[in-house]
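A quick write-up on the structure given underneath.
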Amino acid sequence: MHRHNRQRVIARTLAAGATAVALAAGATACGPQESKSKPAAPAALAPSPSGGGSSSEAPVPSPSASTDDKSGASSSPSPSASKSASPSASASPTVTYVMANGDESEKVRELQARLRQIGLLKTAPTAFYGSKTTAAVKSFQGKHALTVSGGVDQATWKKVQSVTRQPTADELRPPTTNEVAAPDPRCMTGRVMCISKESRTLAWMIDGKVVSTMDVRFGSENTPTREGVFNVGWKAKEWTSTIYHTPMPYAMFFSGGQAVHYSSDFAARGYNGASHGCVNVRDKGKLAALFDQVTVGDKVVVYW
């Protein structure tokens, strides 16, 4: 009896220890969090350069994903996601495809740029053949009386080339993945970070002229990025969130704990994630250049 009691005591002790370790790990976690355990949005207090305030930033999941961005391709797999798979269940097995769903190459980048020229693809080339490219190819094939398979055979490729031109370097690698929205009227005067939630882009503008653009990501539904007209309150080239303990390089705070800053999670996962309210930028080089140009007091406009 004593022996069995001691075993039960040891088992309970081990279980309690495991629980304590799990709780400790959760308290210091700074990576992406599952939506069901997402923390409530904190009351953001304006941080100060001395670290007295709080910043509210860490990546959280979001359902929206770019399906032609390889980092997000697994979130919505298609039946032909591998190179060995047929682009269409009804396609003839004797057809040889130049490109198909799941491929990744510079030729795919060229295809995407050509499809974008004729308005069949809205996003910029990624070189990865995902569901958006497949849908665009199907649309093209339907318009030109070709076999609608979603894969590019020789006939489709020749037709695409005949109705488009050789893409320029800027068309193959545009400054942003997303098409930049028309500036909000409030962005047309002075020095402004003009941030569109609709196009998910940031345009740095001076006196109504666009100087640079970059892709951005926003907060989730539970921790939204605030909209309106703000000013840059302070900047920090190196900063760590005092709430989520995650790095926030090149942070430019504009509304309490919300800031424009670089996000390594955004760079890695794209729109598979979201912030806790900040405006994430995934191009570190572009943001570093912008950080050097923006001064405290410059305007920030966040709009739909």
Looking at Arg186, is it touching a residue at least 60 places away in the same chain (Cβ under 8 Å) and either crowded, with 19+ Cβ neighbours inside 10 Å or out of contact with any His (no Cβ under 9 Å at 6 or more places or on another chain) (or both)? yes
Scan of the stretch 93-134 for residues that are buried (at least 16 other Cβ atoms within 10 Å of the Cβ), among the charged types (D, E, K, R) and free of Cβ contacts under 8 Å to residues at least 40 places away in the same chain, ordered by number: Asp103, Glu104
Kindly indicate which of Pro224, Pro175, Pro249 is modelled with pLDDT under 95 and either in a loop (DSSP other than H, G, I, E, B) or surrounded by fewer than 22 Cβ atoms within 10 Å (Cβ to Cβ) (or both). Pro175
For the stretch 255-269, does any single residue satisfy the condition of being surrounded by 24 or more Cβ atoms within 10 Å (Cβ to Cβ), in a strand (DSSP E or B) and modelled with pLDDT under 95? no
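Those residues that are touching a Ser or Thr at 6+ places or on another chain (Cβ under 6 Å) and surrounded by fewer than 22 Cβ atoms within 10 Å (Cβ to Cβ), I need them from the stretch 142-171; list them, please. Outline the logic, then answer.
So the first thing to find is which residues in the stretch 142-171 are touching a Ser or Thr at 6+ places or on another chain (Cβ under 6 Å), and the list is 146, 149-150.
Leu146 - this is the single residue of the stretch 142-171 that is touching a Ser or Thr at 6+ places or on another chain (Cβ under 6 Å) and surrounded by fewer than 22 Cβ atoms within 10 Å (Cβ to Cβ).
Kindly evaluate Val192 against the criterion of being open to solvent by less than 80 Å² (accessible area, probe 1.4 Å), in contact (Cβ under 8 Å) with a residue 40 or more places away in the chain, touching a helix residue (DSSP H, G or I) at 6+ places or on another chain (Cβ under 9 Å) and closer than 30 Å to Val232 by Cβ. Spell out the reasoning first.
Details: open to solvent by less than 80 Å² (accessible area, probe 1.4 Å): yes; in contact (Cβ under 8 Å) with a residue 40 or more places away in the chain: yes; touching a helix residue (DSSP H, G or I) at 6+ places or on another chain (Cβ under 9 Å): yes; closer than 30 Å to Val232 by Cβ: yes.
Yes; evaluated as a whole, the condition is true for this residue.
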Failed condition for Ser275, given (1) more than 16 Å from Val300 (Cβ to Cβ); (2) open to solvent by less than 30 Å² (accessible area, probe 1.4 Å): (1)
Consider the stretch 201-221. How many of its residues are without any contact (Cβ under 8 Å) to a residue 40 or more places away in the chain and not in a loop (DSSP other than H, G, I, E, B)? 7
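The values are calculated or read from the model by the stated rules, or taken from the named source; none is laboratory data. What you are looking at is a predicted structure, and each value in this text was computed from that prediction instead of being measured. Every residue, glycine as well, gets a Cβ built from its backbone with ideal geometry; the counts of neighbours run over all protein chains shown. Heads up: the accessible areas ignore ligands, DNA and RNA and are worked out on the full protein's heavy atoms, side chains in. Shrake-Rupley method; radii C 1.70, N 1.55, O 1.52, S 1.80 Å.
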